[in-house]
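There's a structure below that I have some questions on.
The values are calculated or read from the model by the stated rules, or taken from the named source; none is laboratory data. Since we're looking at a predicted model, the values are computed, not measured. Cβ sites come from the backbone with ideal geometry, for glycine too, and all protein chains shown count toward neighbours. Surface accessibility is based on the protein's heavy atoms, side chains included, excluding ligands, DNA and RNA. Shrake-Rupley method; radii C 1.70, N 1.55, O 1.52, S 1.80 Å.
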Number of protein chains: 4
Amino acid sequence: MMDRGRLEAFSDGVFAVAITLLALGLAVAGPGLGHGTLTHQLEQHWPGFVAYVISFFTIGIIWVNHHAFVSNIKVTSRPLMFLNLVLLMFVVLVPFATGTVADYLAHGGFDAQVAVAVYGGTLLGMSVGFGSMLEWSLGEGRMYVPVPRDQRWLARLRFTSGAVVYLVVIGIAFLSAPLALGITGAVAVYYVFERTPAIAKPDD
Amino acid sequence: MMDRGRLEAFSDGVFAVAITLLALGLAVAGPGLGHGTLTHQLEQHWPGFVAYVISFFTIGIIWVNHHAFVSNIKVTSRPLMFLNLVLLMFVVLVPFATGTVADYLAHGGFDAQVAVAVYGGTLLGMSVGFGSMLEWSLGEGRMYVPVPRDQRWLARLRFTSGAVVYLVVIGIAFLSAPLALGITGAVAVYYVFERTPAIAKPDD
Amino acid sequence: MMDRGRLEAFSDGVFAVAITLLALGLAVAGPGLGHGTLTHQLEQHWPGFVAYVISFFTIGIIWVNHHAFVSNIKVTSRPLMFLNLVLLMFVVLVPFATGTVADYLAHGGFDAQVAVAVYGGTLLGMSVGFGSMLEWSLGEGRMYVPVPRDQRWLARLRFTSGAVVYLVVIGIAFLSAPLALGITGAVAVYYVFERTPAIAKPDD
Amino acid sequence: MMDRGRLEAFSDGVFAVAITLLALGLAVAGPGLGHGTLTHQLEQHWPGFVAYVISFFTIGIIWVNHHAFVSNIKVTSRPLMFLNLVLLMFVVLVPFATGTVADYLAHGGFDAQVAVAVYGGTLLGMSVGFGSMLEWSLGEGRMYVPVPRDQRWLARLRFTSGAVVYLVVIGIAFLSAPLALGITGAVAVYYVFERTPAIAKPDD
């Protein structure tokens with residue numbers, strides 16, 4: 001089995017790079033290129049800053065929960081590593097999805113709706129990726145402190161409910177793109193204050 | 001509680017990526033695109049190089065102090081992790097703010113002032129983020145070598161004074177953008193030679 | 001000799017950054033730049049998404065195998081470090097090659113064929129780089145659990161066959177670029193389910 | 001004092017990101033943007049590929065030597081950390097300098113000469129940064145296995161000669177840019193095969 005340390009090191013690297021690349025999408029155009037004054041550009045950029053903060057904390061929360069989860073894993077097998085790659089594949093897409101929202105939200109119309117739907121889809125992918133890691137970990141002998149049998153469905157429910165919210169976000173995006181983006185922000189705020197204890201060791 | 005190691009690893013990753021992305025803003029346009037000769041472009045780029053050096057050392061200092069701080073932390077709790085995310089959120093904005101200064105300082109006028117004010121605001125955010133981590137650490141039993149009660153206000157003063165300087169920078173930016181940028185450079189030079197001993201362990 | 005830890009840390013860093021940069025090539029143009037609607041752009045981008053997923057898992061697999069390999073290495077000498085640099089040099093090229101495929105595949109014609117050939121060539125380079133690390137490790141006393149003498153040619157065959165497939169991909173690219181890209185995807189799927197046990201320790 | 005582990009982790013992060021960003025400069029323009037066929041663009045890009053390989057191995061060598069150096073350091077003090085930041089500041093500039101060479105070398109003329117001179121200056125900065133770390137380490141009680149007094153000037157000579165070569169490269173750039181670039185490549189090849197034993201522990 002792979003040692004946990006290197007799984008964490010690689011994942012932390014991907015989380016750290018992805019979270020830092022988020023800010024690339026905020027870049028303004030240089031002067032004299034017909035994009036108006038800097039003040040004007042920064043004003044136009046507000047959806048970019050909102051999306052940046054939401055994405056930053058969403059990735060940050062996933063990172064915090066990922067740590068809690070991995071610290072309780074006993075066996076770091078090959079299947080887990082590939083499920084982890086699936087999770088990371090969606091984490092890596094977040095800067096792209098955030099940049100698309102930043103570019104298209106203020107533009108309005110169908111394009112803004114598609115942009116937020118793509119954003120919701122990316123967060124849904126992260127959610128499903130992380131949920132599948134949880135599902136795997138429920139197997140016999142894979143956690144130091146296993147989730148008690150009678151709490152498994154609760155643990156699943158918590159994860160599934162996150163995925164369901166993002167699914168709803170995709171739908172709402174086509175009614176109101178800003179509202180759908182606001183819901184992803186509310187989810188982030190919720191998870192900052194509400195932890196998911198089931199996956200972590202009691203003393204964690 | 002989270003182990004310190006992974007908090008450091010993730011933070012180091014973000015610091016390392018952010019500090020390396022600083023140089024992306026220095027890129028010159030290719031030949032034959034109507035931007036003049038390379039020599040001309042490099043001359044026009046001087047504010048970019050100045051901003052690059054200031055940002056590089058400002059992030060470098062924060063990294064050094066972050067290390068000293070974390071090495072003295074006994075309990076790495078969830079609140080600390082989220083305060084750390086707030087700090088990192090502003091660290092990640094530094095390449096964006098630096099690039100904006102690089103593009104607009106030589107341009108002059110109101111845009112140059114806004115650019116330096118945004119830069120000052122980003123550094124202010126880092127300062128407040130780090131200060132809130134200090135404030136948290138002053139709580140009972142959170143540091144290996146706690147700051148003595150009678151030195152706490154001194155420690156707070158040191159941090160607050162940094163934040164106040166950056167607040168002043170934002171104001172001065174609207175009088176003279178180059179002067180305001182120069183002050184951020186002076187702060188960096190000051191911190192290279194003056195350490196903040198209060199937060200570190202005596203043998204650190 | 002260098003300690004394994006830092007070889008891994010540096011390699012993991014490069015793998016993590018390269019895998020995250022893959023998504024940079026997916027960026028769409030902003031609204032009002034004459035590139036059509038967002039929906040239209042995303043549709044045009046499908047080769048980019050396909051190439052992204054293939055590259056993500058190809059680098060992911062190399063990373064998993066790299067870990068298994070390094071964990072069995074006893075002596076981390078200077079030659080191995082430079083062979084590792086050769087491997088990483090091609091890993092770092094993957095985002096460039098992926099972006100080129102993303103841009104040119106839908107375009108069709110000779111350019112699409114060249115793009116996929118460059119992509120195949122980059123994967124071939126990774127394969128040869130990793131194969132040369134294996135070859136080096138077959139030397140006396142370099143692995144904790146050495147590959148038995150009678151299985152060495154089998155181990156070589158496994159690695160060589162990967163390289164041969166990528167060589168074939170380069171050739172097929174000039175007959176059918178999409179088919180050639182599909183083969184690289186099939187190779188990734190194959191390696192997700194089929195591990196290369198020879199290089200790892202039995203308990204790995 | 002700072003623990004060596006985190007100095008290494010941060011430095012490795014910067015090395016890893018900088019070495020991966022090198023490939024960003026290789027990106028070709030998309031089809032239909034008036035830049036000609038992909039084949040034509042790749043042909044035009046040859047200086048970019050040459051510069052990429054030279055820079056990759058130059059950073060790789062510095063990384064290998066940095067490891068050997070740090071593993072022999074007993075006290076990781078604040079001055080060393082800032083000298084290390086100076087070194088990293090130039091490492092981070094390498095992708096910028098490499099991209100400039102890639103863009104301007106084939107263009108020829110004075111711009112090509114300036115580009116290679118900037119490249120040489122960046123490598124000179126790395127060399128001086130690393131040399132100053134060596135100079136610092138020669139102080140009493142700073143290395144596990146100190147450089148014997150009678151070999152110090154030899155150690156200094158080795159480092160100084162590297163800096164002198166890059167100084168010469170800057171001069172030659174104005175006579176022949178390709179020749180000057182070729183010399184930096186020769187230096188990289190030389191250092192791959194010739195190690196600098198003085199700084200490392202005997203068993204390293």
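Summarise the partner chain shielding of B:176-184 as one whole number: the mean count of Cβ atoms from other chains within 10 Å of each residue's Cβ.
Partner Cβ neighbours, averaged per residue: 0.
Also: Let me have the 222 nm mean residue ellipticity of chain B computed from DSSP H runs of 4+ only, each contributing -39500 (n - 2.57), with the sum over all residues rounded to the nearest 500.
The per-residue figure over chain B is -25000 deg cm²/dmol.
Rounded to the nearest 20 Debye, what is the dipole magnitude of chain A about its Cα centre when Lys and Arg each give +1 and Asp and Glu each give -1 at the C-beta?
It works out to roughly 580 debye.
Now for a different question. Using a 10 angstrom Cβ neighbour count of at most 14 plus a DSSP loop assignment to flag exposed GluC sites (Glu not before Pro), which longest range of chain C is free of such sites?
Longest run free of exposed loop sites: C:1-139.
Can you list the copy-to-copy distances for A:GLN41, using a point 7 angstrom from Cα toward Cβ, in nanometres, shortest first?
From this label point to the equivalent ones elsewhere in the assembly: 1.7, 1.7, 2.4 nm.
Relative to the other copies, what are the label-point distances for D:VAL53, with labels 7 Å from Cα along the C-beta vector, expressed in nm at one decimal and sorted shortest first?
When each copy's label point is compared with this one, the spacings are 3.5, 3.5, 5.0 nm.
Other chains' Cβ within 10 Å of A:66-73 residues: what's the mean?
Mean partner-chain Cβ count within 10 Å for A:66-73: 2.
In the protein assembly as shown, if the dipole is taken from +1 on Lys/Arg beta carbons and -1 on Asp/Glu beta carbons about the Cα centre, which of D:ALA16, B:PRO31, A:LEU26 is farthest to the positive end?
D:ALA16
Please give the average number of partner chain Cβ atoms lying within 10 Å of the Cβ of each residue in C:25-31, rounded to a whole number.
6
State whether the protein assembly as shown is rounded, prolate or oblate according to the following rule on the C-alpha gyration tensor (a ≥ b ≥ c being the square roots of its eigenvalues): a/c under 1.5 gives rounded; otherwise a/b larger than b/c gives prolate, and the remaining case gives oblate.
It is rounded, given that a/c, with a ≥ b ≥ c, falls under 1.5.
Using label points projected 7 Å from each Cα along Cα→Cβ, tell me how many nm separate C:SER161 and B:LEU179, to one decimal.
Using points 7 Å along Cα→Cβ, the separation is 7.4 nm.
Still on this model: Enter the Cα centre distance for the pair segment B:99-174 and segment C:72-88, rounded to the nearest angstrom.
Centre-to-centre (Cα) distance: 43 Å.
What does the copy distance list look like for A:LYS74, label position 7 Å along Cα→Cβ, in nm and ordered from shortest?
Listed shortest first, these distances are 3.2, 3.2, 4.6 nm.
Something else now. Report the label-to-label distance for B:HIS35 and B:TRP153 in nanometres (one decimal), using points 7 Å from each Cα along the Cα→Cβ vector.
5.4 nm
Magnitude of the Cβ-charge dipole of segment C:126-166, K/R +1 and D/E -1, about the Cα centre, nearest 20 debye?
60 debye
Mind grabbing the interface size between A and C? I mean buried accessible area, both sides, 1.4 Å probe, in Å² to the nearest hundred.
3100 Å²
Which of the listed residues, D:GLY139, D:PHE90, D:ILE59, is farthest toward the dipole's positive end in segment D:48-182, when Lys, Arg count +1 and Asp, Glu count -1 at the beta-carbon?
Going by the charge dipole, the pick is D:GLY139.
If you don't mind, another one. What FRET efficiency would be calculated for the residue pair D:GLU43, C:TRP46, taking the C-beta separation as r and a Förster radius of 35 Å, to the nearest 0.05?
0.80
Considering only the other residues whose Cβ falls under 13 Å of the Cβ of D:ARG149, what net charge follows from Lys and Arg at +1 and Asp and Glu at -1?
Result for the local shell: 0.
Measuring with a 1.4 Å probe in the full set of protein chains, what accessible area per residue, in whole Å², belongs to the protein assembly as shown?
37 Å²
What part of the accessible area of segment A:76-188, given as a whole %, is carbon or sulfur when the probe is 1.4 angstrom?
Heavy-atom surface of segment A:76-188 belonging to carbon and sulfur, 1.4 Å probe: 70 percent.
Same structure, new question: Mind listing which trypsin sites (Lys or Arg not before Pro) in segment A:1-77 are in a DSSP loop and have 14 or fewer other Cβ atoms within 10 Å?
Taking segment A:1-77 and a limit of 14 other Cβ atoms within 10 Å, the loop trypsin sites (Lys or Arg not before Pro) found are A:LYS74.
Using a ≥ b ≥ c from the Cα gyration tensor of segment B:1-154 (square roots of the eigenvalues), is it rounded, prolate or oblate, where a/c under 1.5 gives rounded and otherwise the larger of a/b and b/c decides, a/b for prolate?
prolate
Please report, ordered by residue number, every helix of chain B (full DSSP H runs) that is 27 Å or longer along its axis going by C-alpha atoms and whose mean Kyte-Doolittle hydropathy reaches -1.0.
Long hydrophobic helices here: B:46-71, B:78-104, B:109-137, B:152-173.
What net charge is computed for the residues neighbouring A:LEU88, neighbours being all others with C-beta under 15 Å from the C-beta of A:LEU88, Lys and Arg scored +1, Asp and Glu -1?
With Lys, Arg at +1 and Asp, Glu at -1, the net is -2.
With unit charges on the beta carbon (Lys/Arg positive, Asp/Glu negative), name the residue among C:GLN41, A:ILE172, A:VAL128 whose Cα is farthest towards the positive pole of the charge dipole of the protein assembly as shown.
A:VAL128
Compute, for segment C:98-204, the length of the dipole vector about the Cα centre, with Cβ point charges of +1 (Lys, Arg) and -1 (Asp, Glu) only. Units Debye, rounded to 20.
Dipole about the Cα centre, nearest 20: 280 debye.
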